Amino acid sequence: MVTIKELESDSLVALSELYAELINKSTDINKLEEVFKIIKADSHYILLGAYRGEELLGSVMGIICHDLVGECKPFMVIENVVVSSRARRQGVGNKLMTAMEEMAHERGCWYIILVSGEQRKEAHIFYESLGYREEKVEGYRKHLSSH
(Lines give C-alpha, C1' and ligand atoms only; values in the text may rest on other atoms or scores of the structure.)
Protein backbone atom coordinates (compact mmCIF):
# COMPACT_ATOMS: atom_id res chain seq x y z
CA MET A 1 0.00 0.00 0.00
CA VAL A 2 1.29 3.46 -0.91
CA THR A 3 1.01 6.30 1.58
CA ILE A 4 1.57 9.99 0.90
CA LYS A 5 3.15 12.13 3.59
CA GLU A 6 5.43 15.10 4.02
CA LEU A 7 8.99 14.20 3.26
CA GLU A 8 11.40 14.22 6.20
CA SER A 9 15.19 14.40 6.39
CA ASP A 10 15.60 10.64 6.77
CA SER A 11 14.47 10.28 3.14
CA LEU A 12 16.96 12.69 1.57
CA VAL A 13 19.36 10.07 0.22
CA ALA A 14 16.46 8.26 -1.46
CA LEU A 15 15.17 11.62 -2.74
CA SER A 16 18.52 12.42 -4.32
CA GLU A 17 18.39 9.03 -6.07
CA LEU A 18 14.93 9.86 -7.45
CA TYR A 19 16.17 13.23 -8.67
CA ALA A 20 19.04 11.46 -10.46
CA GLU A 21 16.39 9.54 -12.40
CA LEU A 22 14.55 12.78 -13.14
CA ILE A 23 17.47 14.84 -14.43
CA ASN A 24 20.04 12.18 -15.32
CA LYS A 25 22.54 13.88 -13.05
CA SER A 26 23.44 13.45 -9.39
CA THR A 27 22.42 16.02 -6.80
CA ASP A 28 24.93 17.26 -4.23
CA ILE A 29 23.57 15.63 -1.06
CA ASN A 30 25.15 18.26 1.22
CA LYS A 31 23.46 21.10 -0.66
CA LEU A 32 20.21 19.13 -0.77
CA GLU A 33 20.31 18.79 3.02
CA GLU A 34 20.98 22.54 3.47
CA VAL A 35 18.18 23.60 1.15
CA PHE A 36 15.81 21.01 2.63
CA LYS A 37 16.14 22.72 6.02
CA ILE A 38 15.23 26.06 4.44
CA ILE A 39 12.24 24.54 2.64
CA LYS A 40 10.98 22.80 5.78
CA ALA A 41 11.06 26.11 7.66
CA ASP A 42 9.01 27.92 4.98
CA SER A 43 5.26 27.21 5.05
CA HIS A 44 4.95 28.22 1.38
CA TYR A 45 6.73 24.99 0.39
CA ILE A 46 5.15 21.56 0.45
CA LEU A 47 7.32 18.52 -0.23
CA LEU A 48 5.46 15.24 -0.38
CA GLY A 49 6.74 11.70 -0.68
CA ALA A 50 5.01 8.50 -1.74
CA TYR A 51 6.05 5.54 0.39
CA ARG A 52 5.57 1.80 0.34
CA GLY A 53 6.58 0.99 3.88
CA GLU A 54 9.83 2.90 4.33
CA GLU A 55 10.72 2.93 0.60
CA LEU A 56 10.40 6.31 -1.13
CA LEU A 57 8.74 5.71 -4.51
CA GLY A 58 8.11 9.28 -5.64
CA SER A 59 7.98 12.92 -4.70
CA VAL A 60 6.48 16.27 -5.67
CA MET A 61 7.12 19.83 -4.51
CA GLY A 62 4.50 22.57 -4.42
CA ILE A 63 5.15 26.25 -3.78
CA ILE A 64 2.35 28.61 -2.75
CA CYS A 65 2.69 31.99 -4.45
CA HIS A 66 0.75 35.10 -3.53
CA ASP A 67 -0.75 37.16 -6.34
CA LEU A 68 -1.62 40.84 -6.63
CA VAL A 69 -3.97 40.51 -9.63
CA GLY A 70 -7.78 40.48 -9.58
CA GLU A 71 -9.00 38.90 -6.36
CA CYS A 72 -5.40 38.43 -5.19
CA LYS A 73 -5.82 34.70 -4.65
CA PRO A 74 -2.72 32.54 -4.26
CA PHE A 75 -1.70 29.94 -6.80
CA MET A 76 0.56 26.90 -6.63
CA VAL A 77 3.60 26.05 -8.73
CA ILE A 78 4.43 22.36 -8.94
CA GLU A 79 8.02 21.26 -9.53
CA ASN A 80 10.18 18.14 -9.39
CA VAL A 81 7.47 15.55 -9.99
CA VAL A 82 9.20 12.18 -10.00
CA VAL A 83 8.21 8.55 -9.59
CA SER A 84 10.82 5.81 -9.50
CA SER A 85 11.06 3.77 -12.69
CA ARG A 86 10.33 0.74 -10.43
CA ALA A 87 6.93 2.17 -9.44
CA ARG A 88 5.54 3.82 -12.57
CA ARG A 89 2.05 2.97 -13.84
CA GLN A 90 0.99 1.87 -10.35
CA GLY A 91 -0.96 5.00 -9.34
CA VAL A 92 1.88 6.58 -7.35
CA GLY A 93 2.04 9.77 -9.40
CA ASN A 94 -1.73 10.08 -9.30
CA LYS A 95 -1.73 9.85 -5.50
CA LEU A 96 1.05 12.44 -5.21
CA MET A 97 -0.65 14.91 -7.53
CA THR A 98 -4.08 14.40 -5.91
CA ALA A 99 -2.62 15.04 -2.46
CA MET A 100 -0.87 18.19 -3.70
CA GLU A 101 -4.08 19.42 -5.32
CA GLU A 102 -5.93 18.90 -2.03
CA MET A 103 -3.30 21.00 -0.27
CA ALA A 104 -3.72 23.74 -2.90
CA HIS A 105 -7.47 23.73 -2.25
CA GLU A 106 -6.92 23.90 1.52
CA ARG A 107 -4.69 26.94 1.06
CA GLY A 108 -7.19 28.76 -1.16
CA CYS A 109 -5.24 28.52 -4.42
CA TRP A 110 -6.94 29.77 -7.55
CA TYR A 111 -5.00 27.47 -9.88
CA ILE A 112 -1.98 25.20 -10.16
CA ILE A 113 0.71 25.69 -12.76
CA LEU A 114 3.43 23.30 -13.81
CA VAL A 115 5.83 23.01 -16.68
CA SER A 116 7.22 19.88 -18.24
CA GLY A 117 10.03 19.44 -20.69
CA GLU A 118 8.92 19.15 -24.30
CA GLN A 119 10.50 15.71 -24.63
CA ARG A 120 8.59 14.20 -21.67
CA LYS A 121 5.61 12.99 -23.75
CA GLU A 122 4.56 10.28 -21.26
CA ALA A 123 4.47 12.85 -18.46
CA HIS A 124 2.27 15.10 -20.61
CA ILE A 125 -0.24 12.29 -21.13
CA PHE A 126 -0.22 11.68 -17.38
CA TYR A 127 -0.84 15.37 -16.54
CA GLU A 128 -3.66 15.55 -19.06
CA SER A 129 -5.26 12.45 -17.51
CA LEU A 130 -5.39 14.41 -14.24
CA GLY A 131 -7.21 17.34 -15.85
CA TYR A 132 -4.26 19.59 -16.62
CA ARG A 133 -4.54 21.22 -20.00
CA GLU A 134 -1.90 22.67 -22.23
CA GLU A 135 -2.47 26.40 -22.51
CA LYS A 136 -1.16 28.40 -25.41
CA VAL A 137 1.52 30.27 -23.50
CA GLU A 138 5.23 30.57 -24.02
CA GLY A 139 7.59 29.49 -21.28
CA TYR A 140 10.99 31.07 -20.91
CA ARG A 141 13.95 30.25 -18.73
CA LYS A 142 17.22 32.02 -18.28
CA HIS A 143 20.03 30.16 -16.60
CA LEU A 144 22.26 32.45 -14.58
CA SER A 145 25.84 31.38 -15.19
CA SER A 146 27.11 33.20 -12.11
CA HIS A 147 25.23 30.76 -9.86
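The values are calculated or read from the model by the stated rules, or taken from the named source; none is laboratory data. No experiment lies behind these values; they were computed from the predicted model shown. All Cβ positions, glycine included, derive from the backbone under ideal geometry; neighbour counts span all protein chains shown.
Would you point out which residue out of Glu21, Glu79, Glu33 is out of contact with any strand residue (DSSP E or B) (no Cβ under 6 Å at 6 or more places or on another chain), at pLDDT below 95 and at negative phi?
Glu21
The set of residues in the range 40-70 that are farther than 26 Å from Ala87 by Cα, in contact with a Phe, Trp or Tyr (Cβ under 9 Å, 6 or more places away or on another chain) and either at pLDDT below 95 or of a type in the set (Val, Ile, Thr) (or both) comprises Ile64, Asp67, Gly70.
Tallying residues that are within 10 Å of the chain's Cα centre (by Cα) and within 15 Å of Met1 (Cβ to Cβ) within the range 82-100 yields 1.
Any idea how many residues of the range 51-82 are of a type outside the set (Phe, Trp, Tyr) and free of Cβ contacts under 8 Å to residues at least 40 places away in the same chain? Looking only at that region, the number is 17. Across the range 103-143, what is the number of residues that are modelled with pLDDT under 90, part of a helix (DSSP H, G or I) and either farther than 22 Å from Arg52 by Cα or touching a strand residue (DSSP E or B) at 6+ places or on another chain (Cβ under 8 Å) (or both)? Qualifying residue count for the region: 8. Within the range 14-28, being of a type in the set (A, V, I, L, M), farther than 17 Å from Tyr51 by Cα and surrounded by 13 or more Cβ atoms within 10 Å (Cβ to Cβ) holds for Ala20, Leu22.
Being touching a Gly at 6+ places or on another chain (Cβ under 7 Å) and assigned to a strand (DSSP E or B): is that true of Ile46 here?
On the way: touching a Gly at 6+ places or on another chain (Cβ under 7 Å): yes; assigned to a strand (DSSP E or B): yes.
Criteria met by Ile46.
Could you list, in sequence order, the residues of the range 63-102 that are hydrophobic (A, V, I, L, M, F, W, C), surrounded by 13 or more Cβ atoms within 10 Å (Cβ to Cβ) and not in a helix (DSSP H, G or I)?
Looking only at the range 63-102, we keep the residues that are hydrophobic (A, V, I, L, M, F, W, C), and these are 63-65, 68-69, 72, 75-78, 81-83, 87, 92, 96-97, 99-100.
Still in the running and surrounded by 13 or more Cβ atoms within 10 Å (Cβ to Cβ): 63-64, 75-78, 81-83, 87, 92, 96-97, 99-100.
Matches in the range 63-102: Ile63, Ile64, Phe75, Met76, Val77, Ile78, Val81, Val82, Val83, Ala87.
Taken over the range 1-29, the criterion of being among the basic types (Lys, Arg) and farther than 14 Å from Gly58 by Cβ is satisfied by Lys25 alone.
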